[in-house]
Amino acid sequence: MIQNDVIIACDFKSAEDTFRFLDLFKDEERKPFLKIGMELYYAEGPSIVREIKRRGHKIFLDLKLHDIPNTVKKAMSVLSRLDVDMTNVHAAGTIDMMKAALEGLTREDGTRPLLIAVTQLTSTSEERMQQELLINASINDTIVKYAQNTKAAGLNGVVCSPLEAGMVKEACGKEFLTITPGVRFADGEVGDQVRVTTPARAREIGSDFIVVGRPITAAADPVAAYRRCVAEFLGE
Ligand code: C5P
């Protein structure tokens, strides 16, 4: 059974900045689930993952792999040794690539982290998708089709906007996970995110995990902001 959770996006440039932030949470009973993305991983390498894991956090390693199936399979088998809880690929790599990713990620004993796929990045507009990528479909149909491909490849779910979580669940079933960034408090700054919603609304629409960055990392009191997010999303 998958536990719904709030995932904090650790978009920091160094281990030092990351640990300064994480030290704020050292007396918290609930260890936050953390997302490590390209910036921090490329800056610090696998040691940052091991160190954060050692501190007892769950980790979503957000590296969005997209290459030929053989390369992705081999890269995933290296990442599987890091023992993260969730990682991802681009669904645009095709069903074959996603199947190869799953194979590479699965350890000899059959265990593996959750594997999810990015459908269309939320920074891609329908207009650019049609004009530059020559995809002659609506962005919503594309997202649903990529989610169906992801399910056909045997992955666990997709990253999408919370506003798309309902249609993905409708097309792929309620067990198929939706991991959604673009979450803001009702009284908070939107920043550069466009299609946003609140933690409570994200849960109502069907998000299983929300990925929250600046509303927590840039808050005057990050621990209070995290607690508020958990309370609104999980109703705890
Ligand atoms: O600071 P903020 O809450 O906007 O952070 C959201 C996080 O989710 C960032 O790490 C961002 O890269 C990531 N993300 C996103 N939209 C996507 C995929 C990932 O905002 N479609």
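The values are calculated or read from the model by the stated rules, or taken from the named source; none is laboratory data. All values derive from a computational prediction rather than experimental measurement. No Cβ is skipped: glycine too gets one built from the backbone with ideal geometry, and neighbour counts run over all protein chains shown. What goes into the accessible areas is simple: the full protein's heavy atoms, side chains included, and nothing from ligands, DNA or RNA. Shrake-Rupley method; radii C 1.70, N 1.55, O 1.52, S 1.80 Å.
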Classified through the alpha carbon gyration tensor (a ≥ b ≥ c as square roots of its eigenvalues; rounded if a/c is under 1.5, else prolate when a/b is larger than b/c, else oblate), the chain comes out oblate
Per the C-alpha gyration tensor (a ≥ b ≥ c, the square roots of its eigenvalues), the range 185-236 is rounded if a/c is under 1.5, else prolate if a/b beats b/c, else oblate; here it's oblate
Rounded to the nearest 10 Å², the accessible area of Val194 using a 1.4 Å probe with every protein chain kept is 120 Å²
If the chain between Ala218 and Ser77 were fully extended at 0.36 nm per residue, the gain over the current Cα-Cα distance would be 47.3 nm
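Using 1/(1 + (r/R0)^6) with R0 = 22 angstrom and r between the beta carbons of Ala43 and Ala152, what's the FRET efficiency to the nearest 0.05?
Here the calculated transfer efficiency is 0.05.
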In debye to the nearest 20, the charge dipole size for the range 5-234, taken about the Cα centre with +1 at each Lys and Arg Cβ and -1 at each Asp and Glu Cβ, equals 460 debye
Here the FRET efficiency for Phe21 versus Asn136, based on Cβ atoms and R0 = 41 Å and rounded to 0.05, is 0.40
Answer check: the range 103-236, Cα atoms, Kirkwood Rh, Rg/Rh ratio of 1.01
Scan of the chain for trypsin sites (Lys or Arg not before Pro) in DSSP loops with at most 14 other beta-carbon atoms within 10 Å gives a longest site-free stretch of 108-173
